[in-house]
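The values are calculated or read from the model by the stated rules, or taken from the named source; none is laboratory data. All figures in this text were calculated on a predicted structure; none of them were measured in a lab. We place every Cβ from the backbone using ideal geometry, glycine too, and count neighbours over all the protein chains shown. Accessible surface areas use protein heavy atoms only, side chains included; no ligands, DNA or RNA. Shrake-Rupley method; radii C 1.70, N 1.55, O 1.52, S 1.80 Å.
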Amino acid sequence: MTSSLIRGRPRHATGHIAVRVGHAVLGGVAGAVWLVLPVMTSVTQDPVPAAGAATVSAAQAADGVSATDYVLPLVAVAAAGALGGYGYVRRTRRARSRTTPGILSPAPPAPSPADAERQARASLVLADDCVRTSREALGYVAGAAAAVRALRAAETELTAAFAIWRRYEEGVPEDAAARRQALVGVVGRCAEAGRQLDAEAAGFDAAWDAGDALAVAEGRFRQLAGRTGGVTAALAGAGERYGAAAVASVVGHVEQAKDRLVFATSRLNRARQDADSGDGDGFRRGIRAAEGAVAQAGVLLAGVERLAEELRAAAGLLPAALTGAEAELAGLRGTALPPRLAHADAVLAGVRGEVTGGPYDSLDALRRVVRAVEATGGGRSGVISAGADLVARSALGAAEDFVGTHRAAVGAEARALLAAAGRAAPADADRLARRARELAERDVRAHGNPFTGEGAAHGSGVAGAVLGGVLLGEEGDGGPVVAFGGPESRGRLG
């Protein structure tokens, strides 16, 4: 029976084996012949020596062998060894350069569709976290042009990955093989985004070390701490004027911002102690953690201020939107759209009643007017278009803030919808962003909110820092600090 090793040998190897055997036999025969020559010489009749031959030594005469008799056999043996060595070298080089091995290992099984989808989701979440963290970190560093370019490249790759995933969720492509390839594309794009950030992590660190990080972090901390009172008052005023429902999306933002600032305070104090003791690594960890917490506190407070301003803007735009909507509907009277017109009329009447009846959610009222007109095929220009832009920006901003400050608990579905909303037209952007916010809130509820119960009573702010992705959360104290970079470098401050 032919063994598997022989069966796996390339066909052209047989010829090389024959050549090597021939070389070896030839060398052996040559060596044997020359070894026999001295014996053959000793038994033949010696010629009559010349007169000067008396110089031959007695020992040589006794043995019957001259020095010349040993030279040629040694040369033959050396030649045989050279031939064998040449064959060995050729065989070694061929084995090293061979692309098709003699024994073929079975290919690993392809992942199941469910496993491939899980890998794609995990890749999207990780890449999105890396991009968000890197963007926050760059807000504290000047002169890091290469890191900025790396972030832009990573954002481009991530946007493409989310677009592929979004089409995949919508059933495009339909072919099973093409869908598997789409998932490979998602993973590959996310990996490239991470690679771009990893490549500039060291450069970012150098730029960070060159600045006065402690002074910058402390300055921003004091500025935000001084804003909390004003933001609290703005939230209360917006609630009184526009109703509790209007500000429900930012209720708790001020408390969460304060929690991040408590965490930043502890890390800044620790960083000062590490600086005094000469612990450079501890100093960097403390400052970077404080930077992340301060950045998220700023996002939370700014979200409250932005919503209050958007409510004021919507209230100011609403009367003109109502007038513009009525004008557009009047132009559609007598067309084949009576049900839609009747619905739009009812919406406008309801909004007018809310405006005259007391506190109302001006953004929601403007959204309903815009959607009613758009349902009839209008609203592509003028005040209705401006209202659509306002409500879309508001929904996008609110969803972005929530995902960014709760990213350790938010899954791929909400992130993908948010990314799609950023690429969509205003009407679709508003719908997608609001759905993304709903899914993100669902994820956080399933994960557990650290701002209630024991998490709030802990008082250190670590739970909020972990939820916000400032810390990796791998250990009891929150684990490593998340830094600028991709998957390979983001946890280097451990």
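Any chance the range 418-439 includes a residue that's under 15 Å from GLN296 (Cβ atoms), modelled with pLDDT of 95 or more and either over 18 Å from the mean Cα position of the chain (by Cα) or open to solvent by 50 Å² or more (accessible area, probe 1.4 Å) (or both)? Within the range 418-439, none of the residues are under 15 Å from GLN296 (Cβ atoms), modelled with pLDDT of 95 or more and either over 18 Å from the mean Cα position of the chain (by Cα) or open to solvent by 50 Å² or more (accessible area, probe 1.4 Å) (or both).
One residue stands out in the range 262-275 among those that are of a type in the set (A, V, I, L, M) and closer than 20 Å to ALA483 by Cβ: the one that is nearest to the chain's Cα centre (by Cα), namely ALA264.
To keep it simple, each residue is scored yes or no on (1) assigned to a helix (DSSP H, G or I); (2) more than 23 Å from GLY491 (Cα to Cα); (3) without any contact (Cβ under 8 Å) to a residue 40 or more places away in the chain.
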site: VAL247; (1), (2), (3): yes, yes, no
site: GLN256; (1), (2), (3): yes, yes, no
site: LEU261; (1), (2), (3): yes, no, no
site: ALA271; (1), (2), (3): yes, no, no
site: ALA275; (1), (2), (3): yes, no, no
site: GLY282; (1), (2), (3): yes, no, yes
site: GLY286; (1), (2), (3): yes, no, yes
site: GLY292; (1), (2), (3): yes, no, no
site: ALA295; (1), (2), (3): yes, no, no
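For the range 201-212, enumerate the residues that are part of a helix (DSSP H, G or I) and either open to solvent by 50 Å² or more (accessible area, probe 1.4 Å) or within 14 Å of ALA293 (Cβ to Cβ) (or both). Selection gives ALA202, ALA206, ASP209, ALA210. Against the conditions (1) in contact with a helix residue (DSSP H, G or I) (Cβ under 6 Å, 6 or more places away or on another chain); (2) in a helix (DSSP H, G or I); (3) not hydroxyl-bearing (Ser, Thr, Tyr), ALA349 satisfies every one except (1). Condition check for GLU488 on (1) open to solvent by 60 Å² or more (accessible area, probe 1.4 Å); (2) within 29 Å of LEU363 (Cα to Cα); (3) modelled with pLDDT of 95 or more: one failure, at (2). Here the range 212-258 is the region considered, the condition is being of a type in the set (S, T, N, Q) and in contact with a helix residue (DSSP H, G or I) (Cβ under 8 Å, 6 or more places away or on another chain), and the residue that is nearest to GLY464 (Cα to Cα) is GLN256. Would the range 130-138 turn up any residue that is touching a residue at least 12 places away in the same chain (Cβ under 8 Å) and closer than 14 Å to ARG189 by Cα? Within the range 130-138 (the criterion being touching a residue at least 12 places away in the same chain (Cβ under 8 Å) and closer than 14 Å to ARG189 by Cα), the answer is yes, since at least one residue qualifies.
Look at the range 330-356: where a residue is at negative phi and open to solvent by less than 80 Å² (accessible area, probe 1.4 Å) and a partner is assigned to a helix (DSSP H, G or I) and of a type in the set (D, E, K, R), sitting 6+ places away or on another chain with Cβ atoms under 6 Å, you get VAL347/ARG368. The criterion of being in a helix (DSSP H, G or I), open to solvent by 60 Å² or more (accessible area, probe 1.4 Å), modelled with pLDDT of 95 or more and more than 30 Å from LEU471 (Cβ to Cβ) does not hold for ALA388.
Whether a residue is in contact with a Leu (Cβ under 7 Å, 6 or more places away or on another chain), modelled with pLDDT of 95 or more and open to solvent by 30 Å² or more (accessible area, probe 1.4 Å) was assessed, and GLU136 does not pass this test. Across the range 217-238, not a single residue is classified as of a type in the set (Asp, Glu), open to solvent by 40 Å² or more (accessible area, probe 1.4 Å), at negative phi and out of contact with any Pro (no Cβ under 6 Å at 6 or more places or on another chain). Look through the range 276-287, keep the residues that are surrounded by fewer than 16 Cβ atoms within 10 Å (Cβ to Cβ) and closer than 17 Å to TRP208 by Cα, and return whichever of them is nearest to the chain's Cα centre (by Cα). That would be ASP281.
Whenever a residue of the range 383-397 is of a type in the set (Gly, Ala, Ser), its partners that are not in a helix (DSSP H, G or I), lying with C-beta atoms within less than 8 angstrom and at least six residues away or across chains, give the pairs SER385/GLY379; ALA388/GLY379. Is it the case, given these coordinates, that GLY188 is within 30 Å of GLY316 (Cβ to Cβ) and either at pLDDT 95 or above or in contact with a helix residue (DSSP H, G or I) (Cβ under 7 Å, 6 or more places away or on another chain) (or both)? No.
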